[in-house]
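Quick notes on the structure that follows.
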Amino acid sequence: MSDIILSASHLTKTYRQRSGRFGFGRKLVKALDDVSINIKTGSTLAIVGESGSGKSTLARCLLQLLPLDAGTVQFQGQDLAALSGDALRAVRRHLQMVFQDPFASLNPRMKVGEIVGEGLLIHNLGDAQERTRKVLQMLERVGLSAADINKYPHEFSGGQRQRVGIARALVLEPKLVICDEPVSALDVSIQAQILLLLKELQQEMGLSYLFISHDLRIVRHMADEIAVMHDGKIVEQGEVESIYSSPQQAYTQNLLNSIPGRQRRTASLI
């Protein structure tokens, strides 16, 4: 059995963008330009690059939330583009996402119990009593309490909201979780707590992660492998220590050089 849980080959995604002085022109922008990645079962692949490099577009294309112009995405050997309806929904249960902004990604009108349990309802998993049990169990697993089930998002801090987002993703017991800048909107003092939680849950649940970030300081502690993106292309890829100790591309070197207080801060982050 292959140890590759997700394989993406030659992905291309092009947008039409307004151009010219008055915006009447159109130009093609390649958000993804022949991108190929493999994510190993139980491991973390980090996608690193500056804003606009194509990282979030890649995440959404992998989840089939955006249509590809070309390329294939296989999850556990299944071509996702060939699936639809119930078949695609069944696979999506095992492909979940933790979003960047814990303020914007939670419905303010829903109680936390409803937010975390919504996926169970959509996928028709268990009866009402079983769903409530799973929600309570997951809330406690991410460091919240049973009493939080009836609270609304505005009653929580940013770090607590992100714990709700993590619970929502993991209550479905997925196999692969895409973490799209999961701590960039949080205070530095809270970031380490969330990163440590993600690592603990990965070990406990045997999760595979695609971890998207612009911060090489963070991914060194999270990832097994790193893929560096620039202008829609992967310009360098390899094991974490190899990328940090001997980057082959000038762009990667510039990203490393931009880490403030690189040695001192990475040692104390986690």
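Odds and ends about this structure:
- Top-ranked residue in segment 143-157 [being assigned to a loop (DSSP other than H, G, I, E, B) and polar (S, T, N, Q); ranked as farthest from Ile194 (Cα to Cα)]: Ser145
- Residue within segment 181-195 that is of a type in the set (Gly, Ala, Ser) and either in a helix (DSSP H, G or I) or assigned by TED's automatic domain parsing to the domain that holds Gly143 (or both) present: yes
- Applying the condition of being among the aliphatic types (A, V, I, L, M) and at pLDDT 95 or above to segment 177-193 and asking which residue is surrounded by the fewest Cβ atoms within 10 Å (Cβ to Cβ) yields Val177.
- Subset of segment 211-255 [of a type in the set (A, V, I, L, M, F, W, C) and surrounded by fewer than 18 Cβ atoms within 10 Å (Cβ to Cβ)]: Val235, Ala250
- If only residues of segment 95-137 that are surrounded by fewer than 16 Cβ atoms within 10 Å (Cβ to Cβ) and within 17 Å of the chain's Cα centre (by Cα) are counted, the one that is modelled with the highest pLDDT is Ala104.
- Within segment 1-20, being at pLDDT 80 or above and of a type outside the set (A, V, I, L, M) holds for Asp3, Ser7, Ser9, His10, Thr12, Lys13, Thr14, Tyr15.
- Of the helices (runs of 4 or more DSSP H) that lie entirely inside segment 46-135, those containing 1 or more residues that are touching a strand residue (DSSP E or B) at 6+ places or on another chain (Cβ under 8 Å) and among the hydroxyl-bearing types (Ser, Thr, Tyr) span 55-62.
- Residue under evaluation Lys27, criteria (1) more than 23 Å from Ile226 (Cβ to Cβ); (2) crowded, with 17+ Cβ neighbours inside 10 Å; (3) of a type in the set (Lys, Arg), criterion not met: (2)
The values are calculated or read from the model by the stated rules, or taken from the named source; none is laboratory data. No experiment lies behind these values; they were computed from the predicted model shown. Please note: Cβ atoms are built from the backbone with ideal geometry, for glycine as well, and neighbour counts cover all protein chains shown.
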